[in-house]
Amino acid sequence: MKKSPAKISWLERIILTICDPGMQESILGDLQELYEERLATKGKWRAAWSYFLDALGFLRPFAWKKFKLTITDPSDMIKNYIKLGYRNFTRQKITSAINVLGFTIGIISCLIIALFIVDELSFDGFHQHKDRIYRMAIDIRQQNGNISKTAFSPAPWAPAMTDAFPEVEAYTRFMRYRLPVAIGIKESQQQFYERDFLWADSSLFSMFTFPLVEGNPETALTQPNTVVISQSAAQRYFGDIDPMGQLLTYEGRQDLKVTGVFKDLPANSHIKAELFASFGTLNNFWDIIDNWRILYYYSYFLLKEESNIETVAAKMPGFIDQHLGEEGTQRFIPQWQPLSSIHLDTGRDDELEAGGNKQLLYLFAAIACLIFLIAGANYTNLATASAVRRAKEIGIRKVLGSRQRQLVFQFLAESILQMGIALVLAVLVTQQVLPYFNDFTGKNISIIPSGDNHMLLLALIGSGILLGVLAGLYPAFYLAKLRPVHILKKAVNGAGRKMRSRQFLVVFQFATCAALIAGTLIINHQFEYITKKDPGFSRDQMLLFRLNGEYLNNPQNIPAFKKQLLSEPGVKATSISSHRIVGDQPYYGRYRFAGIPGLTDEIGMGRLHVDEDFVKTFDIPLLAGRAFDNNRITDTSAFLINKTALQRLGLQTPQEAIGKLVSYETRGASGAYLKQGPIIGVTDDFHFRSLHFQVEPMVMDIQPARYHFLAVKLTGQAVDQHIQNLENQWQRLFPDGLFEYQFLDDLLALQYTSEQKMRTLFSLFSFLGILIACMGLFGLTTFLTSQRRKEIAVRKILGATPAQILTLLSKDIFRLVLIGLFIGLPLTFYLAVQWLANFSYRIDLGARFFLDTALLAVLIALLTIAAQALKTVLASPVNSLRQE
Amino acid sequence: MKGTHLGEFEELVLLTVAVLYDAAYGVAVQKEIQRRSGRSVTISTVHAALKRLELKGYARSQYGEATPQRGGRRKLLFQVTTAGKKALDTNRELRNNLWQDISQIAFVK
């Protein structure tokens with residue numbers, strides 16, 4: 001009997017699986033006959049090729065097997081599946097608990113992360129014209145070639161561009177002062193500090209979908225000195241009084257008439273505002289508004305229907321060249337951000353809101369999936385390991401005529417049942433947990449769908465079934481494939497104690513655990529490092545106050561005011577400056593230095609205006625020279641620089657800098673002037689910005705017109721009492737002023753809120769992941785040791801020590817744990833290096849972390865295994881052996 | 001059931017089955033068609049047509065004796081049923097009637 005060549009026999013197999021049994025023989029026979037004939041006439045290869053083509057022709061519906069459902073009433077069978085599932089569930093309590101708990105935690109993690117991601121992606125999706133709105137952000141090429149990215153753009157560009165480019169339909173600019181502004185109510189003399197106060201062009205309401213409750217969206221902001229406020233602000237300011245036409249004062253110097261009330265902006269808007277005031281008002285006092293080079297505004301453009309952004313982008317270099325010349329095109333590189341991408345576009349300074357972080361989203365999505373996979377691996381491991389226990393059942397079923405397909409369905413029904421329970425639990429728990437999560441992330445996520453949208457519910461049920469099938473697929477096929485003869489003759493020993501798939505899954509679990517442990521350790525260390533690192537100034541018992549507008553208008557009162565404060569008990573020192581020493585937007589100036597060889601150009605450096613007590617109050621070390629002195633009148637035109645500035649100037653020692661002349665153009669109370677004076681001291685570096693950033697060169701001088709903040713250093717004891725005293729004093733000095741202060745320590749911590757959140761979330765998820773993996777390991781050991789109870793008893797009787805037996809039991813699993821470590825750690829290393837690159841100041845990724853991780857992982861595994869194994873090891877052999 | 005219309009290719013296959021009488025199986029039908037009409041059809045197409053004919057009740061099949069050829073596999077032999085014969089007759093009659101009513105002038109030179 002001639003057989004077809006081996007290389008095409010797989011085609012036969014396919015035909016055997018797919019084709020109708022009544023036709024199979026005829027089909028294969030005909031194919032064979034043709035093949036043999038061609039083999040003789042056309043040669044082997046062409047014959048084989050023709051055979052292949054012919055065979056493909058039979059993979060058509062007419063030749064397929066006819067499926068006939070033989071089950072008369074499927075509901076009986078489904079009932080039976082559920083009953084059996086329930087029985088198995090209650091019989092194997094530990095395994096079931098591990099499975100359900102694991103799945104529950106896995107689903108909760110996935111659910112919360114999924115809701116979070118959906119919310120993040122929904123940002124700015126509610127704008128009607130969202131597809132046509134772009135923001136122009138600017139990349140600045142520094143003199144040294146570095147690129148710094150800002151969300152800002154200059155104010156005069158947008159109107160000029162809209163005139164010049166036919167593609168642009170409209171523009172809206174926003175401006176937000178770097179500090180919260182004081183808003184007063186003319187009528188009641190009440191004052192509020194508003195962070196979300198935006199100056200905006202009148203096109204605002206036609207461009208963005210921010211509905212007005214009162215007022216005309218077309219004209220509300222066309223006039224100068226007008227303001228539109230949110231419903232909640234209206235409530236806060238005016239209560240039940242009609243806000244329309246009321247007067248507000250801005251920083252005590254500018255009246256604004258309320259011309260509209262808008263609905264509170266949705267939480268998923270990256271533009272956050274309580275008040276929009278008309279941009280035109282700025283002409284009254286903001287004299288840098290016409291400057292083509294000052295980046296301080298946000299520019300949004302609405303394109304015409306048929307235009308695309310590339311055309312506009314292509315015209316930009318010409319536009320900049322026309323207005324700012326060659327140097328401008330080099331320096332300003334406009335970037336176009338589609339409206340809905342702004343929220344997740346990270347890496348720009350000066351954003352309107354803190355923004356999301358795409359990488360973090362990916363990271364947490366990955367972690368949630370991993371947690372779920374760990375739970376799935378548990379299920380597979382435990383189900384296949386329990387094959388021994390199920391073997392007899394399966395054997396009998398097969399003998400009684402169960403088809404393999406029916407068995408598979410039965411096992412799948414079991415896994416779907418467990419998944420279903422887990423799903424319900426997860427939804428219940430998630431509902432309870434979400435408020436905390438919302439609190440933590442500042443979001444407003446709900447699992448209950450808004451309106452009559454049942455998609456979420458359907459998706460949940462669908463994914464429950466799908467996940468159940470996925471988790472149960474391998475065990476189901478594995479169990480259903482067991483051969484009845486083998487099973488019934490002698491039990492399948494341990495269902496293959498060395499099963500490859502199980503080894504693989506344990507390795508996977510521990511690779512993941514190792515990565516989670518190492519990640520947690522690294523994040524925690526880096527967090528400790530950045531929060532504990534000496535910022536270069538004294539941070540304890542320091543209070544920061546915002547000076548209010550009324551005070552700012554009379555800077556000549558400063559000395560008396562400070563003296564008054566110093567007379568309070570508990571006040572050690574005070575200092576007034578233009579910026580808070582942490583957490584403020586940096587200011588820059590362009591300085592010219594005389595008498596330094598090889599240095600003729602202006603240099604851009606950080607700029608800080610301080611008073612005479614600054615260095616003393618903040619305890620900043622001086623490297624050379626002296627600090628400003630109250631008694632030397634000439635110090636008002638002197639300068640201090642920091643160490644980085646010294647290096648930027650190319651000077652070797654701090655002493656060299658003393659006496660060098662500095663000049664720059666600035667504005668005082670009486671307009672622009674050139675300020676010139678000598679460097680009198682060099683301070684050590686201090687961290688004006690967070691540790692994400694390198695310390696920048698900094699120039700400090702005295703300029704009372706620009707003071708905004710007061711720092712008060714208290715003595716150690718009875719801080720609360722001192723603050724109380726201060727408040728009393730404050731009320732006396734500023735009867736209308738708000739007594740609002742921040743602790744410097746809190747401000748420092750505030751810089752790392754996102755890291756703080758990430759640390760908490762990561763630690764939590766790691767804990768959950770490791771917990772589930774350990775539960776799985778626990779279940780596995782429980783099972784495997786119970787299988788070997790008799791063996792262990794006999795060994796004990798023959799004189800084996802508990803330690804030896806323990807080694808015996810844990811050896812295999814330990815090997816897997818170690819392999820897992822070797823896979824997981826390099827991966828973490830890679831990711832950690834990327835994350836740490838976000839910080840200019842960071843910990844070294846030494847071998848220590850990885851040793852710690854390894855140690856911790858091994859310890860966790862050991863404890864998990866030992867807990868169960870010890871019980872068996874220490875049990876009296878009699879109990880194990882007596883059973884039969 | 002798939003209706004009762006006898007398509008052009010089906011008619012060809014059914015006639016070939018009749019011609020081959022007791023040796024009408026897949027490959028034989030394929031070759032006979034090839035020989036007589038010059039049409040080269042794939043084996044699966046023949047099988048598909050035979051299957052359709054069987055479903056329409058125009059042909060029936062049974063396995064023949066096993067032989068050492070074809071890897072020891074039996075041939076599935078087809079026969080024309082009475083219904084098949086009737087369908088062929090109807091088709092032929094229709095054609096004949098048409099031919100009779102055509103005058104020679106109808107064919108434009």
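Some points to look at:
- Angle in degrees between helix A:455-481 and the longest Cα principal axis of chain A, rounded to the nearest 10: 40 degrees
- For the protein assembly as shown, the pair-distance distribution built from all alpha carbon pairs, in bins 20 Å wide starting at 0, is 10, 26, 26, 21, 12, 4, 0 percent.
- Here the peptides A:809-822, A:830-843, A:504-517 are ranked by packing, the mean other Cβ count within 10 Å, and the order with the highest first is A:504-517, A:809-822, A:830-843.
- Extension gain, A:ASP439 to A:PHE693: 0.36 nm times the residue separation minus the Cα-Cα distance gives 88.6 nm.
- Sequence-distant residues sharing a close amide H with A:PHE152 (under 5 Å, placed H): A:ILE138
- Cα extents for segment A:634-674 along the principal axes, largest to smallest and rounded to whole angstrom: 38, 20, 13.
- Loop-located GluC sites (Glu not before Pro) in segment B:8-109 whose Cβ has at most 14 other Cβ within 10 Å (DSSP): B:GLU65
- FRET efficiency for A:VAL118 and A:LEU470, using Cβ-Cβ distance with R0 set to 30 Å, rounded to 0.05: 0.85
- With the cut-off at under 16 Å, measuring from each backbone N in segment A:358-375 to a point 7 Å along the Cα-to-Cβ line of A:LYS757 picks out A:358-365.
- Spin-label model distance (nm) - A:ALA267 vs A:ALA803, 7 Å beyond Cα toward Cβ: 5.8 nm
- Applying a length cut-off of 15 Å (Cα extent along the axis) and a mean Kyte-Doolittle floor of 1.6 to the DSSP H helices of chain B leaves B:8-20.
- Choice from B:GLY38, B:GLY26, B:GLY64 with maximal GNM fluctuation in chain B (Cα, 10 Å cutoff): B:GLY38
- Averaged over A:54-62, number of beta-carbon atoms from partner chains that fall within 10 Å: 4
- Per-residue mean of C-beta atoms belonging to partner chains within 10 Å, peptide B:37-50: 4
- Approximate shape of chain B as ellipsoid semi-axes (Cα gyration tensor, √5λ), whole Å, largest first: 31, 16, 11
- Sparse-neighbourhood loop sites, chymotrypsin sites (Phe, Trp or Tyr not before Pro) in segment B:24-107 - DSSP loop, at most 12 other Cβ within 10 angstrom: B:PHE107
- The long axis of helix A:753-787 is offset from the longest Cα principal axis of chain A by roughly 20 degrees.
- As a ratio to 2.2 N^0.38 Å, the alpha-carbon radius of gyration for segment A:759-884 is 1.40.
- Ligands, DNA and RNA left out, the 1.4 Å accessible surface of segment A:230-384 is 51% carbon and sulfur atoms.
- Under 5 Å, built H, 5+ apart or other chain: amide partners of B:THR81: B:ALA59, B:ARG60
- At an R0 of 56 angstrom, the distance between the Cβ atoms of A:THR715 and A:CYS369 translates into a FRET efficiency of 0.55.
- Using the Cβ-Cβ distance between A:LEU247 and A:LEU851 with R0 set to 51 Å, the FRET efficiency from 1/(1 + (r/R0)^6) comes to roughly 0.15.
- Of the whole protein surface, A:THR760 contributes about 60 Å² of accessible area at a 1.4 Å probe radius.
- Annotation: amide H of A:GLN190 within the under-5 Å range of A:ILE185, sequence separation 5 or more or interchain, hydrogens built in the peptide plane.
- Between helix A:802-836 and chain A: long-axis angle, C-alpha atoms, 0 to 90°, nearest 10: 40 degrees
- Rg and Dmax over the alpha-carbon atoms of segment A:7-131 stand at 27.7, 73 Å.
- In chain A, helices alone account for a calculated mean residue ellipticity at 222 nm of -16500 deg cm²/dmol, with every DSSP H run of four or more residues adding -39,500 (n - 2.57).
- Inter-site label distance for A:ARG60 and A:GLU602 at 7 Å from Cα along Cβ, in nm: 8.2 nm
- Neighbours of A:SER840, meaning other residues whose beta-carbon lies under 11 angstrom from its beta-carbon, give a summed charge of +1 when Lys and Arg score +1 and Asp and Glu score -1.
- Given charges at beta-carbon only (K, R positive; D, E negative), |dipole| of the protein assembly as shown in Debye: 7900 debye
- Net charge in the neighbourhood of A:LEU825 (other residues with Cβ under 13 Å of its Cβ; Lys, Arg +1, Asp, Glu -1) is 0.
- Dipole size of segment A:146-259 about its Cα centre, with +1 on Lys/Arg Cβ and -1 on Asp/Glu Cβ: approximately 520 debye, rounded to the nearest 20.
- Distance distribution P(r), segment A:58-198, all Cα-Cα pairs, bin width 5 angstrom from 0: 2, 6, 6, 7, 8, 8, 9, 8, 7, 6, 5, 4, 7, 8, 6, 2, 1, 0 percent.
- Approximating the spin labels as points 7 Å out from Cα along Cα→Cβ, the A:SER663-to-A:LYS811 distance works out to 8.6 nm.
- The share of C-alpha pairs in segment A:194-352 whose separation exceeds 26 Å stands at 37 percent.
- Estimated at 0.36 nm per residue, the fully extended path between A:TYR587 and A:LYS79 surpasses their Cα-Cα distance by 175.6 nm.
- For segment A:116-237, the Stokes-Einstein estimate of translational diffusion at 10 °C and a viscosity of 1.306 mPa s comes to 91 µm²/s, using the Kirkwood hydrodynamic radius over alpha-carbon pairs.
- The local environment of A:GLY536, defined by Cβ-Cβ distances under 11 Å, has a net charge of -1 under the rule Lys, Arg +1 and Asp, Glu -1.
- Assuming charge only on the beta carbon of Lys and Arg (+1) and of Asp and Glu (-1), the dipole of segment A:270-373 about its Cα centre is about 260 debye to the nearest 20.
The values are calculated or read from the model by the stated rules, or taken from the named source; none is laboratory data. What you see is a predicted model; the values in this text were computed from it and never measured. Methodologically, a virtual Cβ is constructed for each residue, glycine included, from the backbone with ideal geometry; neighbour enumeration extends over all protein chains shown. For accessibility, only protein heavy atoms count, side chains too; no ligands or nucleic acids. Shrake-Rupley method; radii C 1.70, N 1.55, O 1.52, S 1.80 Å.
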